[in-house]
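To start, the structure under review is shown below, and the notes come after it.
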Amino acid sequence: MLNDTKLGDILFLDIETVPKLESFELLNPREQELFDKKTKHIRKEEELDSYYNRAGIWAEFGKIVCISIGYFYIEDNQHKLRTTSYYGKKEKLILEAFKKIVNIYFSQNNKVLCAHNGKEFDFPYIARRMIINNVKLPKKLNIQGKKPWEIPHIDTLELWKFGDYKHYTSLDLLTHIFSIASPKKNIDGSMVASVYYNEKDVETIAEYCQDDVIALAQVYLKLKGLDNIDEQSITIVKSKELL
């Protein structure tokens, strides 16, 4: 798929997630019990209330607060990148906005989705949260029954692994070794929940998420043996806060 896919047929994406409620104490007793069971094997001796800060990594106990997207287009005989974000407190609106973009512009058979660690995180997380929110899955995420080569997803982590299933490399590390501007500026992933619940600053999260999409697209270019684009070739469309 890497060699056959044109740059303009790829929708690059990244998501930011947080625990669905601000604290463990706000979960009802049944949810607390289920979270305890879900995390017991990895939590070890850590207290439930402190471990709950990481609940955003599970679709059953987290929610999406931002989806950023990017795509290449040709202008003046060169590739340029356009990005934007959908963010806010109403997850269903974010999911519906993303679904609309996918269905209108990226539903054709030649179109694909791309994320870093997307096959393990972004793609299934979005699909699960759509089901929970009663949002019908777009064709690009409804992969049940498909053979591996039929799934329209590209994962830059998988490309970098070269078949090494035990190897994990972060997007931040890849940007460093490829001399690409790091997306980690004001915050990192471990700070998203605090910025969302304590600082009430979803816009900063959206900017961080959008920077990740730009880095993702640049890493993909590197993996395909193409030159990276300069800042003048990147258009950041004003992000849309969905209230």
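Miscellaneous remarks
- Top-ranked residue of the stretch 217-243 - restricted to ones that are outside any helix (DSSP H, G or I) and of a type in the set (G, A, S), ranked as surrounded by the most Cβ atoms within 10 Å (Cβ to Cβ): S239
- Residue tally, condition closer than 17 Å to L173 by Cβ and acidic (D, E), over the stretch 199-237: 2
- Residue in the stretch 147-168 that is over 28 Å from S107 (Cβ atoms) and among the β-branched types (V, I, T) present: no
- Checking I132, I214, I126 one by one, the residue that is surrounded by fewer than 16 Cβ atoms within 10 Å (Cβ to Cβ), at pLDDT 95 or above, β-branched (V, I, T) and closer than 18 Å to F98 by Cβ is I132 and no other.
- Filtered residue count, the stretch 218-243, keeping only those that are in contact with a helix residue (DSSP H, G or I) (Cβ under 9 Å, 6 or more places away or on another chain) and either modelled with pLDDT of 90 or more or of a type in the set (A, V, I, L, M) (or both): 15
- The single residue among L113, L27, L81, L34 that is in contact with a Lys or Arg (Cβ under 8 Å, 6 or more places away or on another chain), modelled with pLDDT of 95 or more and among the hydrophobic types (A, V, I, L, M, F, W, C) turns out to be L113.
- Any chance V195 is free of Cβ contacts under 8 Å to residues at least 12 places away in the same chain, crowded, with 18+ Cβ neighbours inside 10 Å and in a helix (DSSP H, G or I): yes
- The set of residues in the stretch 11-24 that are buried (at least 21 other Cβ atoms within 10 Å of the Cβ) and either in contact with a Lys or Arg (Cβ under 9 Å, 6 or more places away or on another chain) or more than 14 Å from R54 (Cα to Cα) (or both) comprises L11, F12, L13, D14, I15, T17, V18, P19.
- Looking across T17, T5, T39, one residue alone is in a helix (DSSP H, G or I) and within 23 Å of the chain's Cα centre (by Cα). It is T39.
- The residue that is farthest from Y125 (Cα to Cα), among those in the stretch 47-73 that are over 14 Å from the mean Cα position of the chain (by Cα) and assigned to a loop (DSSP other than H, G, I, E, B), is E47.
- Near pairs, Cβ below 6 angstrom, 6+ apart or cross-chain, from the stretch 130-147 (under 15 Å from K92 (Cβ atoms)) to any residue that is part of a loop (DSSP other than H, G, I, E, B) and among the aliphatic types (A, V, I, L, M): M130/L137
- Sole residue being small (G, A, S) and surrounded by 12 or more Cβ atoms within 10 Å (Cβ to Cβ), chosen from G163, G189: G189
- Pair list, Cβ under 8 Å, 6 or more apart: the stretch 92-113 residue closer than 25 Å to D4 by Cβ, other residue outside any helix (DSSP H, G or I) and among the polar types (S, T, N, Q): N110/T5; V112/T5
The values are calculated or read from the model by the stated rules, or taken from the named source; none is laboratory data. Source: prediction; values computed, not measured. Because the Cβ atoms are built from the backbone with ideal geometry, glycine has one as well, and the counts that use them run over all protein chains shown.
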